[in-house]
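Read through the structure below, which is laid out as structure tokens, and then see the notes.
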Amino acid sequence: MGKATEKKKYYVVKERAVPEVLIKVVEAQRLLDTGKAATVQEATEQVGISRSSFYKYKDDIFPFHEETKGKTLTFIIQMDDEPGLLSNVLQIIAYFHGNILTIHQSIPINGVATLTLSVRILPTEGDAQAMVEKIDAQEGIHYLKILGRD
């Protein structure tokens, strides 16, 4: 299986099993998000990691727990341009009590469409992690990446 078709995998890992540098990346991002650090340089100095470590991992780790409920996730999906696939993705979002705020699908190129979604996860019922995993597991989904969380 080549890199282009390789599936992304998501793991739930206890904090004690996560390398310290990744925990510090999360902390640096929190400092930036809360305004306790104005720049990446300040945030990385406060937590004791290099800026290169921050940039290397910043898109690959963030807390994924109860705090995600009531939040907005923005993610990008590359998927086959197959009848019914977009409908399946939307049904999964509805099943996990996600409220679609924005949706944009590009014109398919070589049979692959790019979909960008912003989804609000309902605070009482939504399970963002299960939703993302279920979408990513669908036949025809090539790539799913979470771009942001508000």
Sequence of 145, 9, 36 from largest to smallest accessible area, 1.4 Å probe: 9, 36, 145
Taking just the alpha-carbon atoms of the range 16-150, what radius of gyration and Dmax come out, in angstrom? 16.7, 50
State, as an integer percentage, the relative contact order of the range 82-150 based on alpha-carbon contacts under 8 Å between residues 6 or more apart. 29 percent
Exposure rank, largest accessible area first [109, 146; 1.4 Å]: 109, 146
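The values are calculated or read from the model by the stated rules, or taken from the named source; none is laboratory data. The model shown is predicted, which means the values in this text are computed figures rather than measured ones. Surface areas here come from the heavy atoms of the whole protein model, side chains and all, with no ligands, DNA or RNA. Shrake-Rupley method; radii C 1.70, N 1.55, O 1.52, S 1.80 Å.
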